[in-house]
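Notes to accompany the following structure.
The values are calculated or read from the model by the stated rules, or taken from the named source; none is laboratory data. Note that the structure is predicted; figures quoted are calculated from it, not measured. Cβ sites come from the backbone with ideal geometry, for glycine too, and all protein chains shown count toward neighbours.
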Amino acid sequence: MRWRASLEATCFASSQLPPEAAPEIAIAGRSNVGKSTLINTLLGTRLAHVGATPGKTRSINFYSVQCSVPFRLVDLPGYGYASRSKTERSEWSRLIASYVERRRTLCLICHLVDFRHGLLGNDRALQEWLGDCGKAILVVFTKADKIARGRHRTMLQHYVKEGLRSIDVPIVTSGENRAGIEELQAFIERFLSDSATGAQGHPDH
């Protein structure tokens, strides 16, 4: 089933977050990791703004996605970019922390990592924090088109061996040539379906 998506909400403060409803899958990653390009390719439409300036997204954007299990795709602001003022950065971190720590409908965070560089210091810090919050993480490598196809398997094995938090084998993607996009869509639909089945089996959920 082809995904159909629309922008549901743009939030600059916790008070603007939409009511908890459908399950939510968040996209997080360093500034300039190719987040907007990946989201647009994943959703099949140009909803996320692709800017030349890293760190352009300052809001949390909610996209309503219709597929086999309807859900919200949540675009979190990029991190690790220093050009913003300290006040802006602290406001972002408060907004993101409030969302991640308190949102009951947030069931998975896709952690985007540049395939050329692997996990950098602030990627590992993010993983540690998300782990402490008890959040499920799937590592999704981006910009695979920048690396020769023949090197993908070896590089992936190297990154996994170095250690990372991911509920499954990381998916290697490219928003430019659609590599890994259908695989990621299939994973998300399977994850949502399994989660829904699990919740139905537990009356306390």
Count of residues meeting criterion [over 12 Å from the mean Cα position of the chain (by Cα) and within 24 Å of ALA186 (Cα to Cα)] in segment 136-148: 5
Criterion (among the polar types (S, T, N, Q), touching a Pro at 6+ places or on another chain (Cβ under 9 Å) and closer than 29 Å to CYS11 by Cβ) met by exactly one of THR173, THR142, THR105: THR105
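Against the condition touching a helix residue (DSSP H, G or I) at 6+ places or on another chain (Cβ under 9 Å), surrounded by 12 or more Cβ atoms within 10 Å (Cβ to Cβ) and free of Cβ contacts under 8 Å to residues at least 40 places away in the same chain, how does ILE137 come out, does it pass? Break it down stepwise before answering.
Numbers: touching a helix residue (DSSP H, G or I) at 6+ places or on another chain (Cβ under 9 Å): yes; surrounded by 12 or more Cβ atoms within 10 Å (Cβ to Cβ): yes; free of Cβ contacts under 8 Å to residues at least 40 places away in the same chain: yes.
For ILE137, the condition - touching a helix residue (DSSP H, G or I) at 6+ places or on another chain (Cβ under 9 Å), surrounded by 12 or more Cβ atoms within 10 Å (Cβ to Cβ) and free of Cβ contacts under 8 Å to residues at least 40 places away in the same chain - is met.
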Residue list for segment 38-85, restricted to those being out of contact with any Gly (no Cβ under 7 Å at 6 or more places or on another chain), β-branched (Val, Ile, Thr) and at pLDDT 85 or above: ILE39, THR45, ILE60, VAL65, VAL69, VAL74
Failed item in (1) free of Cβ contacts under 8 Å to residues at least 24 places away in the same chain; (2) surrounded by fewer than 13 Cβ atoms within 10 Å (Cβ to Cβ), with LEU156 passing the rest: (2)
